[in-house]
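In what follows, a structure is listed as structure tokens, so that the remarks can point back to it.
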Amino acid sequence: QVQLVESGGGLVQPGGSLRLSCAASGTIFSINAMGWYRQAPGKQRELVATITSGGSTNYVGSVKGRFTISRDSAKNTVALQMNSLKPEDTAVYYCNAEIKNRPWTTLTNYWGQGTQVTVSS
């Protein structure tokens, strides 16, 4: 019913920048929170940043001051600007969105397929 498609991952040197984008499409009545999570090899998936429909943001401590999350509610998109990247930021990054498909349905959690971010010299 809903697809989340991410783009923008890749290989970057330490100190560099990348911008991830995610577009939601399909049967969408409204979107509550949107966010980015990441999973490094051998580790659990962790929250990176979230943004509510009202624009309130939340970040994991390790990325505060370096990453910025933003959204375009008219286009159902969310972006993550990542600056001053470190090798420990290397992970697969997943887009997440809490979506109501119809006015009468409850919120459903949707995930993108993931995009690889590698920070290495």
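Out of curiosity, is residue 8 surrounded by 15 or more Cβ atoms within 10 Å (Cβ to Cβ), touching a residue at least 12 places away in the same chain (Cβ under 8 Å) and more than 30 Å from residue 103 (Cα to Cα)? Yes; evaluated as a whole, the condition is true for this residue. Take the range 11-39 and flag every residue that is assigned to a loop (DSSP other than H, G, I, E, B) and either more than 15 Å from residue 78 (Cβ to Cβ) or open to solvent by less than 40 Å² (accessible area, probe 1.4 Å) (or both). Listed by number, the residues that qualify are 13, 14, 15, 16, 17, 27, 29.
Can you confirm whether residue 51 is on the phi < 0 side of the Ramachandran plot and under 14 Å from the mean Cα position of the chain (by Cα)?
Numbers: on the phi < 0 side of the Ramachandran plot: yes; under 14 Å from the mean Cα position of the chain (by Cα): yes.
Taking the combined requirement at face value, the residue satisfies it.
Listed by first and then second residue, the pairs with beta-carbon distance under 6 Å, at least 6 apart or on different chains, first residue in the range 28-39 and aromatic (Phe, Trp, Tyr) and modelled with pLDDT of 95 or more, second open to solvent by 20 Å² or more (accessible area, probe 1.4 Å) and assigned to a loop (DSSP other than H, G, I, E, B), are 29/102; 29/103; 37/45. Each residue in the range 40-81 was checked for being surrounded by 19 or more Cβ atoms within 10 Å (Cβ to Cβ) and touching a residue at least 60 places away in the same chain (Cβ under 8 Å), and 2 pass. For the range 100-109, state whether one or more residues are surrounded by 14 or more Cβ atoms within 10 Å (Cβ to Cβ), in contact with a Leu (Cβ under 9 Å, 6 or more places away or on another chain) and touching a residue at least 24 places away in the same chain (Cβ under 8 Å). Scanning the range 100-109 turns up at least one residue that is surrounded by 14 or more Cβ atoms within 10 Å (Cβ to Cβ), in contact with a Leu (Cβ under 9 Å, 6 or more places away or on another chain) and touching a residue at least 24 places away in the same chain (Cβ under 8 Å).
The values are calculated or read from the model by the stated rules, or taken from the named source; none is laboratory data. Owing to the predicted nature of the structure, the values given are computational and were not obtained by experimental measurement. Reconstructed Cβ throughout: ideal geometry from the backbone, glycine too, with neighbour counts over all protein chains shown. To get the accessible areas, we keep the full protein, side chains included, count just its heavy atoms, and leave off ligands, DNA and RNA. Shrake-Rupley method; radii C 1.70, N 1.55, O 1.52, S 1.80 Å.
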